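Coordinate-derived values only; no laboratory data. Note that the structure is predicted; figures quoted are calculated from it, not measured. When we count neighbours, we look across all protein chains shown, and the Cβ atoms used for this are built from the backbone with ideal geometry, even at glycine.
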Amino acid sequence: MKSLFSGLFVLVVCTVYAQKSPIKFGVIPQEDLKMTTYAEDTSAAAVILADYGSAYIDINTGGASLVYERHRRIKILKKEGLHWADVAVALYQSGSNEEHLSRLKATTYNLENGKIVETEIEKSGMFKEKRSRNINLQKFTLPNVKVGSVIEYSYTLNSDFLASFPNWQFQYSVPVRWSEYWAALPDFFVFEKYMQGYLAPSLYEVKNTSKDNYQEARHHWVSKNVPAFKEEPFMTCEDDYVSKVNMALSHVTFPGQMVQEIMGSWKGLNDKLVDSDDFGKVISGSGFLKTKAKELTAGMTDPTQKVTAIFNYVQQTLEWDGTADKYPDNLKKVFDDKKGTAADINFVVAAMLEKVDVPADMVLLSTRDHGFIRQQYPMSEQLNYAIVSVILGDKALLLDATEKYLPMGILPERCLNGDGLVISKTRHGWMEIKPKAKSRTSINSELVINAEGELKGKMSFSYDGYAAQKLRKDYFKKGETDYLKEFLSDKTWEVEKSEFQNIKEIDKAPKQLHELVIREHATTAGDVIYLNPMLSEQLTDNIFKTEKREYPVDFGKPVEQTYMARFTLPENYVVDEMPKPKVVTLPNNAAKYTYNVTQVGNVVSVVSMLQINKSLFVQEEYPHLRELYNLVIAKQAEQIVLKKK
């Protein structure tokens with residue numbers, strides 16, 4: 001980025017800009033030290049008393065750099081808030097150039113016998129950790145922190161990466177009493193600034209200042225008494241919804257020079273990556289993969305067969321190390337080590353397909369824990385993951401070989417987060433990434449009831465799609481014995497025999513079957529037996545607790561849960577009361593619940609089916625979805641009443 005300033009330094013020399021923090025380091029009010037609960041939120045485990053940031057670009061004859069000053073003070077109120085003493089600052093790195101911290105101060109304050117005891121951080125409490133290819137974490141832990149402590153730290157981050165102007169987050173998982181951010185932007189740096197979240201700042205102002213040869217705009221935001229962000233069920237990452245201001249450098253307009261695009265366009269990113277030695281040419285290169293690719297596809301002419309053979313080999317041979325990445329490392333090392341990042345593994349798939357004349361393109365996306373993509377801002381930082389796209393006939397097949405227990409063509413749930421960007425010489429553009437499978441669970445039971453209310457018989461559990469993947473992951477991670485122990489831990493069943501089927505056959509639905517006795521489920525009172533027919537997977541508590549929801553409900557994929565049971569009645573018993581049938585369908589068949597109890601002879605059959613038929617429910621649909629769950633809970637709580645003749 002410093003090269004942008006060639007020819008400019010003779011025109012501009014500016015003094016360092018700095019704004020003062022609203023709090024003075026080390027001056028802690030007694031009322032904050034004595035605080036035991038936060039009046040605005042008595043449930044809070046901690047409260048951020050003050051959060052201050054100031055970012056500016058320091059321009060001088062020696063070059064230009066980004067300076068970011070941070071000062072934060074936090075009160076620890078409960079033991080659940082102690083983790084706020086563990087701090088990690090992300091430092092961007094490219095080649096030998098890396099952002100670095102300076103002027104770090106960190107102190108813990110405790111009130112002991114009416115006196116303030118200060119404990120400063122020591123070097124042993126600081127260390128650096130690599131998180132990904134371009135991000136290192138500077139970590140430090142404040143000492144002597146306990147419930148009642150006030151912790152405080154400040155630092156300066158120095159960077160040559162001017163395009164990485166700091167964003168600012170106002171809202172966190174704990175309340176914030178005061179949050180303030182200054183961003184000083186020279187007029188020849190044109191930034192896109194956009195707010196997100198559902199809380200507007202208390203103050204936003206812009207102060208324009210004249211420098212020697214340019215104008216500087218000082219953007220100033222303040223938020224007061226910011227409530228804690230409350231995570232709700234079925235959300236993507238918190239970062240999508242918290243109150244925040246984002247900064248994105250669009251272009252640079254130096255006096256007398258042509259406009260220099262920084263953000264560019266998605267098409268520009270595509271063209272750069274297609275011809276990059278670190279991206280597109282990795283696929284066309286990597287000649288060492290040719291022999292193995294030819295061996296795997298020997299005698300095959302059908303492209304689908306070739307794709308299947310190569311995908312299955314990579315999926316079962318290379319182990320994913322758990323890292324989401326969009327750029328591959330040295331594929332030869334990955335292939336030899338049999339382990340790599342998501343990008344490493346999926347680039348191996350694409351490169352091997354290319355060696356057997358099956359064209360493959362990469363698709364870049366943002367995983368669910370990384371946040372959704374704002375396509376109007378073409379920044380590569382929004383993308384953090386790479387999968388493979390192959391055209392077979394007139395359809396695009398998406399491949400991700402990182403998960404050993406998912407069939408080919410079904411992407412991991414982390415990838416189900418909106419659109420993906422196809423990087424290609426011929427078909428560049430955005431494509432919708434839809435789930436190709438449900439999370440389906442089916443339970444079937446055949447049970448005989450005796451006069452004491454004891455149930456005896458068989459229950460089978462069948463899984464498909466993402467539910468099958470979860471079963472297999474748990475089963476192989478824990479082993480059959482430990483898996484069964486955990487599966488049965490919350491059930492009052494006496495299992496006499498268990499059997500697993502199709503566990504290793506990825507293309508088949510895995511099953512677990514149990515022969516069992518259940519003694520404590522039904523209730524007897526004289527000649528009457530009260531039986532709740534839901535022996536498993538009964539919903540008893542609505543996961544959607546709040547009446548109003550500010551965020552979409554994102555299931556990620558369709559869900560289907562089916563429960564079927566057949567009960568043979570005790571001799572000389574009849575059905576006295578039976579739940580009435582119920583069918584509820586949300587608008588546009590977005591979700592559906594079916595419940596039915598029937599009797600034929602001395603056998604009572606029960607069917608309960610909950611279907612979530614789409615992945616995303618917007619806020620306006622939430623009341624209907626919540627009420628559907630209330631209905632399911634009420635219906636599944638109903639009992640069958642048996643009475644002796």
In degrees, nearest ten, helix 466-478 long axis to first principal axis of the chain (Cα): 90 degrees
Inter-centroid distance (Cα atoms) of the range 197-213 relative to the range 34-97, Å: 20 Å
Coil-residue trypsin sites (Lys or Arg not before Pro) of the range 337-399, DSSP, other Cβ within 10 Å capped at 10: K338
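Normalised by the empirical 2.2 N^0.38 Å for globular proteins, what value does the Cα Rg of the chain take?
For the chain, the normalised Cα radius of gyration comes out at 1.17.
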Global geometry of the range 199-341, whether rounded, prolate or oblate, following the gyration tensor of its Cα atoms and the 1.5 cut on a/c: oblate
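Where both partners of a DSSP beta bridge lie in the chain, what percent of those bridges are antiparallel, to the nearest 5?
Details: 165 of 184 bridges.
In the chain, DSSP labels about 90 percent of beta bridges as antiparallel.
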Separation between Cα centres of the range 274-306 and the range 530-573, rounded to whole Å: 47 Å
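Can you give the calculated 222 nm mean residue ellipticity of the chain, where each DSSP H run of n ≥ 4 adds -39,500 (n - 2.57) and the sum is split over every residue, rounded to the nearest 500 deg cm²/dmol? All intermediate terms of the calculation are to be shown ahead of the outcome.
Working: 10 runs with 98 residues, N = 645.
Mean residue ellipticity at 222 nm (helix-derived): -4500 deg cm²/dmol.
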Simple label model, 7 Å out from Cα along Cβ direction - S489 to E192, nm: 4.6 nm
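Could I get the Rg over Rh figure for the range 227-267? Both from C-alpha atoms, Rh via Kirkwood, rounded to two places.
Working: Rg = 17.8 Å, Rh = 14.0 Å.
Ratio of gyration radius to Kirkwood radius for the range 227-267: 1.27.
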Lysines with Cα under 21 Å of K434, excluding same-chain neighbours fewer than 8 positions away: K326, K395, K404, K470, K557, K592, K614
Rg and Dmax of the range 155-199, Cα atoms only, in Å: 13.2, 38
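From largest to smallest, what semi-axes in whole angstrom does the range 439-644 give when each is the square root of 5 times an eigenvalue of its alpha carbon gyration tensor?
Working: eigenvalues 177, 123, 40 Å².
So the equivalent ellipsoid measures 30, 25, 14 Å along its semi-axes.
Counting Lys and Arg as +1 and Asp and Glu as -1, each charge on the Cβ, what is the dipole of the chain about the Cα centre in debye, to the nearest 20? Walk me through the numbers before you get to the answer.
Numbers: 80 positive and 84 negative charges, 45 e Å.
So the magnitude is around 220 debye.
Sort 413-423, 255-265 for me by packing, meaning the mean count of neighbouring Cβ atoms within 10 Å per residue, highest on top. Don't skip to the end; give the middle numbers.
Working: 413-423: 21.7, 255-265: 12.4.
Packing order, densest peptide first, comes out as 413-423, 255-265.
Could you list, in their original order, any pairs among K438/K580; K34/K193; K456/K478; K139/K332; K34/K128; K75/K491 whose Cα atoms are separated by more than 31 Å?
Beyond 31 Å: K34/K193; K139/K332; K34/K128; K75/K491.
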Relative contact order, percent, the chain [alpha-carbon distance under 8 Å, six or more residues apart]: 8 percent
All aspartates and glutamates inside 19 Å of K146 as judged from Cα atoms, apart from same-chain residues fewer than 8 positions distant: E31, D32, E80, D86, E112, E118, E120, E122
At q = 0.12, 0.18, 0.19 Å⁻¹, base-10 log of I(q)/I(0) for the range 339-481 (Debye sum, equal scatterers on each alpha carbon): -0.61, -1.10, -1.18
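In the range 564-604, what is the volume of the convex hull around the alpha carbon atoms, normalised per residue and reported in Å³?
Details: hull volume 2.7 nm³, N = 41.
Output value, Cα hull per residue: 65 Å³.
Rounded to the nearest 20 Debye, what is the dipole magnitude of the range 266-432 about its Cα centre when Lys and Arg each give +1 and Asp and Glu each give -1 at the C-beta? The partial results should precede the final answer.
Working: 20 positive and 24 negative charges, 56 e Å.
About 260 debye.
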Alpha carbon centroid spacing (whole Å) that separates the range 131-192 from the range 419-439: 34 Å
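Normalise the Cα radius of gyration of the range 266-432 by 2.2 N^0.38 Å (N = residues in it) and let me know the number. Show your work: numbers first, answer last.
On the way: Rg = 14.7 Å, N = 167, 2.2 N^0.38 = 15.4 Å.
Normalised Cα radius of gyration, the range 266-432: 0.96.
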Under 5 Å, built H, 5+ apart or other chain: amide partners of K436: L411
